[in-house]
Amino acid sequence: MPTCQTACLFTPPPLAPVHTISWSQPLVWLSRALRDIANAPLMSMAHGLILILIGAAILTVGHNRFWLMAGALSGFLVMGPIVATSLYAISRALERGEATDIGLIRSTWTQWQSCHATGRGGYWCMVKFGALLALAATGWVLISASLITVMSPVQVETLQDFMTHVVLAKDGQLFMQWMALGSFLAAPIFASSVVAMPLMLDRRVTVRQAVLTSWSVVLANPGPMALWAALIVLLTLLGLGSYLLGLLVVMPLLGHASWHAYRDLVDASAFASRDEPIEPAA
């Protein structure tokens, strides 16, 4: 006889309704994000600056250790939705007409601790989600390293080796296989995280609810979400390809836009706001 715990595991949790959108809506999110940056330039750009400094440190330490650098950068990029948590909070505060100062940033990160004890969607939801993303990034690096180690005609140890023997190889076959593998592995990560973090910031939901809601969004809007994924990849590549300097704008742009994506795609009004205090158990 199945236990309650087993039954609960296979019973779908209540999910927020999702909306369908037009193909052009991702461009609207970017325009709203630019408006948010203009309204809170210092707080927004500070996130981009922090990302640049972290990226520069990774490149400095791992420039002669390609797989170490690749692993660190992969984890760094995959964890982007979590790093952008306070950017979601800035966009929400601008919607509400609230202050967007350092106090907002501090309270955004500390408020998770104020609800850690009990209740749906408590403190550990962000930690659990971060662990899942970190596990995904680790898996990608290990699989990628295995592919290139087996298929490359020479040993790849530095970034120059990777560029010469993989990216710029004459036949390009290995690079195409590497890109196809990356796309295959990135798709479920995107589908699981596209609105998960803004939803967990805004409402008291579990990681399972947030991830399933993200999947519902993608399944309901495959075309627009594919465009949104392509825009994220393009803007991220522009940020990285400009010696990281472009991340000063790209990071806050994508963070703010992700909040507006959540607001357009998900109706979470049935769930308690994370700002509401938890009532003690009777």
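Within the range 87-122, count every residue that is among the charged types (D, E, K, R) and at pLDDT below 85. Quick ask: steps written out before the conclusion?
In the first step, residues of the range 87-122 are kept if they are among the charged types (D, E, K, R); the result is 92, 95-96, 98, 101, 106, 120.
Those left that are additionally at pLDDT below 85: 120.
Count: 1.
Of the residues in the range 13-59, how many are part of a loop (DSSP other than H, G, I, E, B), farther than 22 Å from Ala196 by Cβ and touching a helix residue (DSSP H, G or I) at 6+ places or on another chain (Cβ under 6 Å)? Steps first, answer last, please.
We begin by selecting, within the range 13-59, every residue part of a loop (DSSP other than H, G, I, E, B); these are 13-17, 19-24, 40.
Restricting the remaining residues to those that are farther than 22 Å from Ala196 by Cβ gives 22-24, 40.
Now narrow it down to the ones that are touching a helix residue (DSSP H, G or I) at 6+ places or on another chain (Cβ under 6 Å): 23, 40.
Total satisfying the criteria: 2.
Give the number of residues within the range 233-250 that are surrounded by fewer than 17 Cβ atoms within 10 Å (Cβ to Cβ), free of Cβ contacts under 8 Å to residues at least 40 places away in the same chain and not in a helix (DSSP H, G or I).
Here the count works out to 2.
Here is a list: Ser192, Ser214, Ser183, Ser144. Which entry is out of contact with any strand residue (DSSP E or B) (no Cβ under 6 Å at 6 or more places or on another chain) and either under 25 Å from Ala56 (Cβ atoms) or among the charged types (D, E, K, R) (or both)? Write out each step before concluding.
On the way: Ser192 fails: either under 25 Å from Ala56 (Cβ atoms) or among the charged types (D, E, K, R) (or both); Ser214 fails: either under 25 Å from Ala56 (Cβ atoms) or among the charged types (D, E, K, R) (or both); Ser183 fails: either under 25 Å from Ala56 (Cβ atoms) or among the charged types (D, E, K, R) (or both).
Going through Ser192, Ser214, Ser183, Ser144 in turn, just one is out of contact with any strand residue (DSSP E or B) (no Cβ under 6 Å at 6 or more places or on another chain) and either under 25 Å from Ala56 (Cβ atoms) or among the charged types (D, E, K, R) (or both): Ser144.
Here are some conditions: (1) over 20 Å from Leu87 (Cβ atoms); (2) surrounded by 19 or more Cβ atoms within 10 Å (Cβ to Cβ); (3) over 17 Å from the mean Cα position of the chain (by Cα). Val218 meets all but one. Which one does it not meet?
Every condition holds for Val218 apart from (3).
Being within 17 Å of Met69 (Cβ to Cβ) and either more than 25 Å from the chain's Cα centre (by Cα) or modelled with pLDDT under 85 (or both) is true for just one of Val150, Val166. Which residue is that? Before you say what the answer is, go through the steps one by one.
Details: Val150 fails: within 17 Å of Met69 (Cβ to Cβ).
Only one candidate qualifies: Val166.
Looking only at the range 169-192, which residues are more than 15 Å from Ala226 (Cβ to Cβ), part of a helix (DSSP H, G or I) and not hydrophobic (A, V, I, L, M, F, W, C)? Step through it out loud before you land on a result.
Taking the range 169-192 as the starting set, the residues that turn out to be more than 15 Å from Ala226 (Cβ to Cβ) are 169-182, 185, 192.
Then keep just the ones that are part of a helix (DSSP H, G or I); that gives 173-182, 185, 192.
Across the range 169-192, the qualifying residues are Gln173, Gln177, Gly182, Ser192.
The values are calculated or read from the model by the stated rules, or taken from the named source; none is laboratory data. No experiment lies behind these values; they were computed from the predicted model shown. No Cβ is skipped: glycine too gets one built from the backbone with ideal geometry, and neighbour counts run over all protein chains shown.
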